[in-house]
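Here's the structure, in structure tokens; my notes come after.
The values are calculated or read from the model by the stated rules, or taken from the named source; none is laboratory data. A quick note: this is a predicted structure, and the numbers were derived from the prediction, not measured. Cβ placement follows ideal geometry from the backbone for every residue including glycine, while neighbour counts extend to all protein chains displayed.
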Amino acid sequence: MQQSISFTEGPVARVLYVMSMPMVWGLLATMSFNAVDTYFVSLLGDDALAAMGFTFPVVMIVTSLAIGLGAGVSSVVARSLGAGNGGQAKQLAGDALVLALGLSLVVMLLGLLSMEPLFLLLGAPPALLPQLAEYMTVWYYNTAFILVFMVMSTLLRATGNAKVAGNLMLVAAFFNGLLDPLLIFGWGPIPALGIAGAAWATLLTRGAMLFMCCFWVFGPMGLVSVPSTRWKTMWASWRQTLHIGLPAMATNMIIPFASAVTVALVAVHGADAVAGFGVAMRVEPIALIVFYALSSVVGPFFGQNNNPANYHRQRDVLSVLLRFCLALGLALAVLLALVSETVVGWFSDKASVQAVALAYLYAVPVSYGLYGFVMSVNASFNGLGKPMPAMVISAMRVLVLYLPLALAMQYFFELQGLFIATAMINVIMGVWGYFWLKRTLARQHART
């Protein structure tokens, strides 16, 4: 199995930088899918923009499933490579692709069958259901492309080929940006598809991205072997992947669950409030892009260094992560305070929509540093082969702390209180995550 860069050699900060930077550009490009879609859909009117706001939790749930499965693949492959077993890593990767395809088909069918009751549960007005159906009926066919591509992308990162994954994402974003206006508004013989055109653009883009990724993974790099032909062997591979993947899926799905609850709480204030929240939810992932990129390589870093000879590198990286996340979080908070009004104006000129988006973008970014650090903490636990702490952190964040605090803060301070509650929880969980990971590493290292 080809491995371009080893996480076990060289200065810790340098390795993280080299591996993260291609993913910054690649993930920035991928995250721009939603932002670009939202911009062009906003030109269709406020109802279409509100409909996009209601789709956000569903999109994030499917994406979180993919991220969780990818985390499982990344962990088992990285630890196999760290143990010098490249053949096993290839077999695990091949079997994981079969698992991703099967899971994607189940998710697609469930989504198509539950569309109307799900969006009514999220608080969508019946008048928006036709536009939601237009968009999501097409979008759900993306699930195979999302899950299978995520497995391949994490495989590239786990083997030190993050640059290839990043470049593929960058090309795909450019392609999506060209297709969006073409399919939404039409041109020449191409009919105007409206909000469904945004979903078609995403579908075609992700299909092309998966095709290109298959060429590299199965071709020149040879990162995947033929899937197991015996059920017992394949099930054994799946169990290793799902040991990390299932808790990681649960961990990542808790976040969009919180978003879904937030959407329902915001919906009480009307469709314009949901539209404004939807705008903020398109801006936020782009602001957090470096944190996402960093967490995507932290897992493989801990996995490959999970042996006594390299435990000192795990201790070193914890300090590097904390300092970097806090500094970047502060810079992002200042930047968004300066540019949020301009950015929000790109999506809507309606004062009520802008007010909600700005309320979020002024309150929550102050906590981005510790929120980003929690992403790396969760990825670190997964890389160590210990997925439960990451799941507990996320579950505590949403179910035990966020929900009651959000309800109380919204009761007393309305929408502004809801957003302040989000920032408070990010800070609390960042501090808790740091001490938990530090204690885990100290105990593991003391046993050697």
Exercise. Is at least one residue of region 395-416 closer than 30 Å to Val76 by Cα, buried (at least 17 other Cβ atoms within 10 Å of the Cβ) and of a type in the set (Phe, Trp, Tyr)?
Worked result: no
For this session: Could you identify the single residue in Thr38, Thr55 that is hydroxyl-bearing (Ser, Thr, Tyr) and at pLDDT 80 or above?
Result: Thr55
Problem set entry | helices (runs of 4 or more DSSP H) within region 306-405 that include 2 or more residues touching a strand residue (DSSP E or B) at 6+ places or on another chain (Cβ under 9 Å) and closer than 30 Å to Gln416 by Cβ | none
For this session: Please list, ordered by first then second residue, the pairs with beta carbon atoms under 7 Å, 6 or more apart or interchain, first in region 299-319 and at negative phi and among the acidic types (Asp, Glu), second crowded, with 20+ Cβ neighbours inside 10 Å and assigned to a helix (DSSP H, G or I).
Result: Asp316/Val12
Seminar exercise, completed: The correct count of residues that are under 19 Å from Val217 (Cβ atoms), in contact (Cβ under 8 Å) with a residue 60 or more places away in the chain and out of contact with any Lys or Arg (no Cβ under 7 Å at 6 or more places or on another chain) in region 39-96 is 22
Exercise. Taking the stated definitions as given, is Asn167 surrounded by fewer than 22 Cβ atoms within 10 Å (Cβ to Cβ), modelled with pLDDT under 85 and closer than 23 Å to Val24 by Cβ?
Worked result: yes
Exercise. Within region 224-253, how many residues turn out to be part of a loop (DSSP other than H, G, I, E, B) and either out of contact with any helix residue (DSSP H, G or I) (no Cβ under 9 Å at 6 or more places or on another chain) or surrounded by fewer than 19 Cβ atoms within 10 Å (Cβ to Cβ) (or both)?
Worked result: 6
Seminar exercise, completed: Scanning region 259-305 for residues that are outside any helix (DSSP H, G or I) and buried (at least 18 other Cβ atoms within 10 Å of the Cβ), the one modelled with the lowest pLDDT turns out to be Asn305
Exercise. Given Ile393, Ile425, which one is more than 24 Å from Ala337 (Cβ to Cβ), of a type in the set (Val, Ile, Thr) and within 20 Å of the chain's Cα centre (by Cα)?
Worked result: Ile393
Exercise. Which one of these is among the hydrophobic types (A, V, I, L, M, F, W, C) and farther than 30 Å from Phe347 by Cα: Ala287, Ala309, Ala280?
Worked result: Ala309
Seminar exercise, completed: For region 234-256 the number of residues that are farther than 17 Å from Asn378 by Cα and touching a residue at least 12 places away in the same chain (Cβ under 8 Å) is 4
Exercise. What number of residues within region 94-107 are over 18 Å from the mean Cα position of the chain (by Cα) and within 11 Å of Leu147 (Cα to Cα)?
Worked result: 7
Seminar exercise, completed: When (1) touching a helix residue (DSSP H, G or I) at 6+ places or on another chain (Cβ under 6 Å); (2) surrounded by fewer than 21 Cβ atoms within 10 Å (Cβ to Cβ) are applied to Asn310, the one that fails is (1)
